[in-house]
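No value in this document is a laboratory result; all are computed from the given coordinates. Because the structure is a prediction, the values reported are computed rather than measured. Every residue, glycine among them, receives a Cβ derived from its backbone with ideal geometry; neighbour counts consider all protein chains shown.
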Amino acid sequence: MSESLSSATQPAEEVAPARHAERRAGRIGLDLLDRWAGPLLLVAMIVAFTIASPGVFLTSSNLLAVVNNQTITAVVALGLLFPLAAGVFDISIGGVLTLSVITSAWTFQQTAGSMPVPLAILITLAVGASAGLVNALLVVRLSIDPFIVTLGSGSIFLGISQLVANGQVVSRDIPTAFTDLGRGELFGIPNPIVLVVVLALIVFYVLEMTPLGRMIYATGFGREQSRLAGVPTHRILVLAFVVSGFCASLAGLVYTSRIGTGQPDVGAQYLLPSYAAAFLGSTMIKPGRFNVPGLLVGLAILAIGINGLQLQGIPFWVISTFQGGALILAVVLTKLRKLSVRADG
Amino acid sequence: MTTDDAAALELHGIVKTFPGQRALDGVDFTVARGEIHALLGHNGSGKSTLIKVLSGFHQPDDGRCSVAGSRLRFGDGVAVSRAGVRIIHQDIGLVDELSVLENLRLGVGTYRAGTLGAIRWRGERSAARARLDDLGLGHLDPDAEVAGLSAVERTEVAVARAIDDPDAIRVLVLDEASAALPEEQVQHLFRLVRTLAARGVGVVYVTHRLEEVIDLADRVTVLRDGEVVLQESVSALTREDLARVIAGSEVAAVHATDRAAGRTAGAAVLTLDDVVAGRELAGASLTLREGEVLGVAGLAGSGVHEVVRLLQGRAPLRGGTVAVAGAPVARPGVRALRRLGVAVLPGERDQKRITGMTVAENITIADLSPYWRGGRFRHGEERAEAVALVERYRIRPPDVRRPIELLSGGNAQKAYVARLLRTAPRVLVLEEPTHGVDVGGTAEILRLLVEAARNEGTAVLLCSSDTDDLAATCDRVLVLRDGVVADELTDKEITRERIVELCYAAG
């Protein structure tokens with residue numbers, strides 16, 4: 001039977017090779033633009049601001065300050081890539097960040113500064129990861145919409161923080177051994193930047209170079225289909241929320257160790273920029289996927305855009321507008337891209 | 001200008017090109033009033049594109065169209081609808097949570113509103129009942145929730161919805177409307193189609209089932225590579241003629257294999273014993289052996305679909321035992337069954353397609369471990385294997401980096417079969433693996449299944465409503481009725497006619 005059948009099929013369609021090659025070349029050109037438009041925009045912005053603010057914008061002190069200011073957002077956003085790639089929203093990260101800021105500051109205050117720094121860090125990270133676990137269990141076990149779960153839990157985490165802090169800034173007895181971590185340098189580079197680089201490399205490795213990363217993306221693109229194909233989607237979702245909570249908590253530690261106090265309302269400001277950067281990032285380098293290089297470029301575009309405009313004396317409200325606009329722009333770009341892919345077929 | 005003798009639908013010189021692909025190359029297509037015109041072709045032959053040109057979804061590069069003698073502008077869905085053209089797609093677009101009545105009112109026309117804009121439900125209900133009766137669909141209850149309807153009833157609702165004003169309808173296009181229907185229910189659909197044709201509606205009937213063409217259609221048009229290769233009256237044609245023209249080459253008739261003859265049956269790898277599960281299975285027992293292809297046939301509601309869901313791990317087991325390789329599986333869930341080497345190809349597309357990922361990624365996702373060595377994912381090796389599989393399964397176009405959603409249904413189906421066979425499963429369960437797949441692709445898929453059974457010793461459970469597939473490939477065929485295995489066919493007993501006969505047999 002196999003012999004009689006093997007001749008049964010013919011290629012469904014063949015296209016003249018020359019025309020095919022031509023179209024292919026056209027598509028590769030579009031492909032390149034699709035992937036690199038973001039980085040190009042970043043370069044263009046740097047050039048424009050250098051010309052617009054000569055001697056102020058393109059200085060090592062200004063740029064270092066810009067980068068250093070983005071480290072907390074970067075840590076949150078790198079963790080956020082996991083749930084986003086796995087197809088779920090985690091908007092509790094602001095709450096988790098606040099909770100971690102308060103947890104770390106409060107453990108020192110309660111022990112009059114005698115709490116060993118590594119232990120305080122451990123406790124804080126455990127709190128963040130547990131917060132992620134709570135989200136995950138609600139989403140996976142009870143099949144509740146992740147958006148709703150994390151909207152609610154984020155608010156609860158914020159509430160707990162305010163309760164613990166009693167609505168006050170927690171600032172007593174935070175040891176210098178701890179603040180040295182946030183303010184110190186390694187080979188002349190501020191520690192938070194070193195942390196971001198290391199974390200980015202780890203996240204990049206996991207997402208791009210391990211089967212786990214592939215399964216995370218597969219879960220995001222089609223949870224039920226992936227599950228039926230053998231992907232342990234439940235465990236992947238749990239992992240995604242735990243990593244996201246862990247990273248938000250890490251960002252909280254960066255905050256407390258840099259500022260030296262715990263404020264019970266810090267988290268919210270990092271939510272929007274991390275989403276904006278992640279979505280902006282998903283339109284470049286590897287369009288259609290949340291990816292680390294894209295995220296970093298997205299962050300840079302947001303940070304440099306705002307910094308450059310501020311140097312021009314643009315008013316304060318521009319920041320929110322710029323970030324919100326970037327988020328919507330990113331989603332619009334993704335939509336347009338999907339439409340063009342469909343028309344291609 | 002509308003004249004009585006004008007054709008219901010006339011498409012002339014339609015040309016449509018996509019990047020890297022010439023989908024339609026000067027297609028002429030005419031449907032007379034009251035004619036049932038079958039439209040056939042390979043996956044990727046241009047059928048779907050032609051329908052999409054008609055519906056206004058695609059703007060053709062060239063050509064013209066008229067409906068009942070009036071020229072129609074392309075790319076305007078509203079004008080198409082106003083001209084009396086109705087198109088029913090394979091996924092018929094009903095809203096499960098709404099009632100039949102609400103679905104009938106969806107999109108077409110509006111509710112007649114009373115004072116304060118409130119809907120007059122009583123009037124709506126009697127109007128719906130009248131419309132259903134008029135189409136010979138009196139058995140449908142306007143208040144029934146669509147989720148609870150059988151496949152054919154859903155199709156009937158979709159058709160009834162399309163026929164909102166029987167006098168204004170000139171052309172009805174059924175785009176693989178029968179693909180999800182078991183064989184015995186197709187007859188209900190045929191009755192409805194004939195009723196409409198008798199009223200002068202021109203029916204375009206797109207299908208892959210050649211028997212249906214012979215049974216139902218007056219004329220047939222076959223497309224290949226975007227061109228019309230055959231257009232004539234059906235009465236002069238046989239199934240084999242059509243298969244040959246579609247494939248564009250001599251298709252050897254799919255015929256029985258050396259069937260179990262002389263081959264000793266292997267060890268039992270999957271046993272269902274007195275299984276009660278899902279809504280339908282009521283004490284079903286079967287044994288699947290290593291290296292055999294076991295067919296499962298049955299009407300809708302007989303339990304075939306529940307067998308698939310059970311082995312997917314999605315239907316709760318309420319009684320009896322499921323055993324793999326002799327060991328009972330306590331809780332047959334999705335992960336447990338996968339781990340035991342039970343791989344399932346479900347019938348529904350949205351349980352298979354991971355949209356947004358490439359063909360390669362869709363194929364390899366079931367097992368990534370071969371590429372993970374020394375702490376690094378070997379992308380090159382993955383790609384090489386995907387390329388080899390695309391070559392072997394003749395997936396077109398042969399581009400593993402293409403997003404899966406850009407493949408035609410049949411080619412995507414081959415990719416999903418590749419996904420499963422690549423993991424060398426102990427048990428391979430397939431539900432309607434050749435639905436929507438063209439003749440050549442069907443032969444290809446069936447050949448791969450038989451090869452897997454013969455060469456790798458895979459135990460194959462083929463659940464299909466396509467009796468040709470069953471007759472061509474199976475060593476044994478089980479027939480399910482009322483949730484139990486009612487009959488078993490072996491060797492020479494396995495014929496298309498016998499399977500159908502047993503499916504219908506009473507009690």
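Once you reduce region A:131-176 and region B:278-334 to the center of their Cα atoms, the two points are 45 Å from each other.
For region A:90-99, backbone phi angles converted through the Karplus equation (6.51, -1.76, 1.60; θ = phi - 60°) give residue-by-residue couplings of 10, 9, 8, 4, x, x, 5, 4, 4, 4 Hz, Gly and Pro being listed as x. For region B:478-489, the Karplus equation 6.51 cos²θ - 1.76 cosθ + 1.60, evaluated at θ = phi - 60°, returns couplings of 9, 10, 9, 9, 6, x, 10, 7, 9, 9, 10, 10 Hz by residue, with Gly and Pro reported as x. Cα centroids of region B:425-451 and region A:279-345: 45 Å apart. What do you get for the angle between helix B:183-198 and the principal long axis of chain B? Use alpha-carbon atoms, 0 to 90 degrees, nearest ten. Here the helix axis deviates by roughly 10 degrees. Coupling constants for region B:466-474 follow from the phi torsions by the Karplus curve (6.51 cos²θ - 1.76 cosθ + 1.60, θ = phi - 60°), and in residue order they are 8, 5, 5, 4, 4, 5, 7, 10, 8 Hz; glycine and proline get x. With the biggest extent put first, the Cα atoms of chain B measure 71, 51, 51 Å across the principal axes. Between A:Trp36 and B:Arg376, the simple label model (points 7 Å from Cα in the Cβ direction) yields a spacing of 2.5 nm. Residue-normalised convex hull volume from the C-alpha trace of region A:61-146: 120 Å³ per residue.
Between the listed residues B:Val245, B:Asn411, B:Val437, the Cα displaced farthest toward the positive end of the dipole of chain B, a dipole computed from Cβ unit charges relative to the Cα centre, is found at B:Asn411. The alpha carbons of region A:53-267 give a radius of gyration and a Dmax of 18.2, 59 Å, in that order.
Taking the longest Cα principal axis of chain B as reference, the axis of helix B:409-422 is set at about 10 degrees. Between B:Asp62 and A:Ser60, the C-beta separation translates, for a Förster distance of 56 Å, into a calculated FRET efficiency of about 0.35. Dividing the summed -39500 (n - 2.57) terms of all DSSP H runs of n ≥ 4 by the residue count of chain A sets its mean residue ellipticity at 222 nm at -25500 deg cm²/dmol. Mean sequence separation of contacting Cα pairs (under 8 Å, at least six apart), scaled by the length of region B:350-423, corresponds to a relative contact order of 44 percent. Annotation for region A:117-199: chymotrypsin sites (Phe, Trp or Tyr not before Pro) lying in DSSP loop with at most 14 further Cβ atoms inside 10 Å of their Cβ are A:Phe187.
Close amide H partners of A:Phe89, meaning residues 5 or more places away or on another chain with modelled amide H under 5 Å apart, are A:Phe147. Charged side chains reduced to their Cβ positions (Lys and Arg at +1, Asp and Glu at -1) give chain B a dipole of some 1520 debye around its Cα centre. Taking amide H positions as modeled 1.01 Å from N, with prolines and chain starts lacking one, the residues under 5 Å from B:Ala177 and 5 or more places away or on another chain are B:Val206.
Specify the angular offset, from 0 to 90 degrees and rounded to the nearest 10, of the alpha carbon long axis of helix A:292-311 from the longest principal axis of the alpha carbons in chain A. Around 60 degrees separate the two axes.
Ranking A:Ile46, A:Leu239, A:Phe108 by how far each Cα lies toward the positive end of the dipole of the protein assembly as shown (charges on Cβ) leaves A:Phe108 at the top. Per-residue mean of foreign Cβ neighbours for B:309-315 is 1 (Cβ atoms of other chains, 10 Å radius).
Database remark: amide H of B:Leu40 closer than 5 angstrom to the amide H of B:Thr221, B:Val222, B:Leu223 (H placed geometrically; neighbours at sequence offset of 5 or more, or on other chains; Pro and chain starts carry no H). Mean per-residue shielding of peptide A:224-237 is 6, counting Cβ atoms of other chains within 10 Å of each Cβ.
Placing one identical point scatterer on every Cα of the protein assembly as shown and ignoring solvent, what is log10 I(q)/I(0) from the Debye formula at q = 0.07, 0.08 Å⁻¹? Each listed q maps to, in turn, -0.67, -0.85.
Per residue of A:329-340, other chain Cβ atoms within 10 Å of the residue Cβ number 0 on average. When the trypsin sites (Lys or Arg not before Pro) in region B:124-205 are filtered for DSSP coil states and for at most 16 other beta-carbon atoms within 10 Å of their beta-carbon, the remaining sites are B:Arg199.
Taking the Cα centre as origin and putting +1 on Lys and Arg beta-carbons and -1 on Asp and Glu beta-carbons, what dipole magnitude results for the protein assembly as shown, to the nearest 20 debye?
Values: 81 positive and 87 negative charges, 532 e Å.
Approximately 2560 debye in magnitude.
Which of the lysines could a cross-linker span from A:Lys286 if the Cα-Cα distance has to be under 25 Å and same-chain partners fewer than 8 positions apart are dropped? Filter leaves A:Lys335, A:Lys338, B:Lys352. Across region B:264-412, the relative contact order, built from alpha-carbon pairs under 8 Å that are at least six residues apart, equals 18 percent. Can you compute log10 of I(q)/I(0) for region A:160-224 with the Debye formula, treating each Cα as one identical point scatterer, at q = 0.24 Å⁻¹? Rounded to two decimals, the profile gives -0.95.
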